[in-house]
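The values are calculated or read from the model by the stated rules, or taken from the named source; none is laboratory data. These numbers were taken from a predicted model, which means no experiment stands behind them. FYI the Cβ positions are ideal-geometry reconstructions off the backbone, even for glycines, and counts take in every protein chain you see.
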Amino acid sequence: MHALVLVPDLKQISRTRSDNSEGSDRQGELVHSPQNRLIETTGLAEAIDLQVIESQIVPVPTPRPATLFGSGKVEAVGAFVTAHEIALIIIDHPLTPIQQRNLERAWSAKVIDRTSLILEIFGRRARTREGRLQVELAHLSYQKSRLVRTWTHLERQRGGYGFLGGPGEAQIELDRRMIDARITAIRKDLEVVVRTRELHRKGRRRVPYPVVAIVGYTDAGKSTLFNCITGADVFAKQQVFATLDPTMREVRLKSGRRIILSDTVGFISDLPTTLIAAFRATLEEVVEADLILHVRDISHVETQMQARDVETVLSDLGIDTEPANSHILEVWNKIDLLSPVTRDEARSAAQWPEARPVLVSATRSEGMDDLLAAIDARLGRNDEILDLMIPAQEGQLVNWLYEEAQVLEREAMEAGAVRTRVRIAGEKKQRLLALVRRAGAELKVLMPVKA
């Protein structure tokens, strides 16, 4: 399908009148430049196999309530659409139902905004029944809000719930009563998902294995990093929203600590609130995680703004994103794409006390040992070191130590006894002490691990 991408630049006048550098608004806050939004939106369109014929930044000094753009621009775009047989126009800006209706009439083509595009991508990417339900819920909630204000001109039925079709009910009628009924049914199904996930989390707490969740801006390399650490084959591609459905794998760290590593959906600027609400069940894995790995594409020109967008979503989930919070570990990915000078600058920045990120290249498996060590250190702040004297006949206890702890030293003593010095996770301490008492081993030293 031929598509046209338009990025309205509503801040052009304010930037011209101010001394702020590109990438800042009048209040000095970080914002995405129109040029990078154009690149990103074009990538979003191409992610669902649309053929983008043209992409443009459109200055909008005064937004028009009826069409957003001025009449001259509307006519110019209409002529271009007709000449190139454009079937779909993507506008990287929220559109009111009236604006969408008027532009579709003027251009005789389908018009969608950023929210609709992201919803469509999510519909294409969702692989599990849960993911499809969440996307459908988000889309129906979005359509319902527009249906109320545009009742007279909307079609009574559409196939699927995406503008190009997609997973879900074959013919969902856009009638308010039917939408409400379907939303209610989906929410009931998702309640079952939430209960099932909670049972799984309770099971993991009993083990207990710490959960480490990977989050980050879309296309930051999260799934590639996940595969590199776990040896899994999760779908990983340089493509937006390549992962929607969470994937979990067990990983054993050098200390003997076992963790559950979770790969999650990518975030993006202006992520529709309906999607955040719909994917709440999935994102609970992030909320409940013992440690969050915030993966950043450090080679991206807008890496700071992408990080801000991710932090905004995390804050919306009730997660503390302050630098002093040890709950989040930044992972600066794609260092292989940096120039030698920029890489040295990144390494210097990583030494700042308030930063302390880990620099990696997931595609080249570079920095993985440092990352795993950093994860171990963050999770191991409650670890303790034990000095044990184990009787000769208690080889089973020695084996347990190698499986569940980090054996720092081992020395054979008289009569076959073994002296071991081990680092043990705080949550496993009581279990070890019970085994020690049962085996008749002698506990010689007990001290916390130094931070």
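Do you know which of the residues in segment 94-106 that are in contact with a strand residue (DSSP E or B) (Cβ under 8 Å, 6 or more places away or on another chain) and surrounded by fewer than 20 Cβ atoms within 10 Å (Cβ to Cβ) is farthest from Gln56 (Cα to Cα)? Don't jump to the end; show me each part of the working.
Step one: of segment 94-106, the residues in contact with a strand residue (DSSP E or B) (Cβ under 8 Å, 6 or more places away or on another chain) are 94-95, 99-100, 103-104.
Of the ones still in play, those that are also surrounded by fewer than 20 Cβ atoms within 10 Å (Cβ to Cβ) are 94, 104.
Details: Pro94: 17, Glu104: 18 Å.
Checking each candidate, the answer is Glu104.
Any chance segment 347-363 includes a residue that's touching a helix residue (DSSP H, G or I) at 6+ places or on another chain (Cβ under 9 Å), at pLDDT below 90, outside any loop (DSSP other than H, G, I, E, B) and in the same structural domain as Arg296 (by TED's automatic domain parsing)? Yes, there is a match, as at least one residue in segment 347-363 is touching a helix residue (DSSP H, G or I) at 6+ places or on another chain (Cβ under 9 Å), at pLDDT below 90, outside any loop (DSSP other than H, G, I, E, B) and in the same structural domain as Arg296 (by TED's automatic domain parsing). State whether the residues of segment 194-208 include one that is at pLDDT 75 or above and touching a helix residue (DSSP H, G or I) at 6+ places or on another chain (Cβ under 6 Å). Within segment 194-208, none of the residues are at pLDDT 75 or above and touching a helix residue (DSSP H, G or I) at 6+ places or on another chain (Cβ under 6 Å).
For segment 286-304, check the following and say yes or no: at least one residue is among the polar types (S, T, N, Q), assigned to a loop (DSSP other than H, G, I, E, B) and modelled with pLDDT under 85.
no
Tallying residues that are closer than 20 Å to Ser269 by Cα and at pLDDT 55 or above within segment 219-240 yields 5.
Among the residues making up segment 44-66, those that are closer than 21 Å to Asp270 by Cα and either outside any loop (DSSP other than H, G, I, E, B) or of a type in the set (S, T, N, Q) (or both) are Leu44, Ala45, Glu46, Ser55, Gln56, Ile57, Val58, Pro59.
Find the residue count for segment 408-442, including only residues that are surrounded by 14 or more Cβ atoms within 10 Å (Cβ to Cβ) and either at pLDDT below 85 or outside any helix (DSSP H, G or I) (or both).
So in segment 408-442, the residues surrounded by 14 or more Cβ atoms within 10 Å (Cβ to Cβ) come out as 410, 417-429, 432-433, 435-436, 439, 441.
Filter once more, keeping what is either at pLDDT below 85 or outside any helix (DSSP H, G or I) (or both): 410, 417-429, 441.
Residues in segment 408-442 being surrounded by 14 or more Cβ atoms within 10 Å (Cβ to Cβ) and either at pLDDT below 85 or outside any helix (DSSP H, G or I) (or both): 15 in total.
Within segment 287-336, the set of residues being of a type in the set (Asp, Glu) and within 14 Å of the chain's Cα centre (by Cα) comprises Asp297, Asp309, Glu311, Asp316, Glu330.
The C-beta contact set for segment 125-153 (first residue more than 19 Å from Val193 (Cα to Cα) and aromatic (Phe, Trp, Tyr), second residue assigned to a loop (DSSP other than H, G, I, E, B) and at pLDDT below 80, distance under 8 angstrom, 6+ apart or interchain) comprises Tyr142/Pro272. Going by the structure shown, is Arg381 more than 22 Å from Phe267 (Cβ to Cβ), at pLDDT below 90 and over 20 Å from the mean Cα position of the chain (by Cα)? The answer is yes for Arg381.
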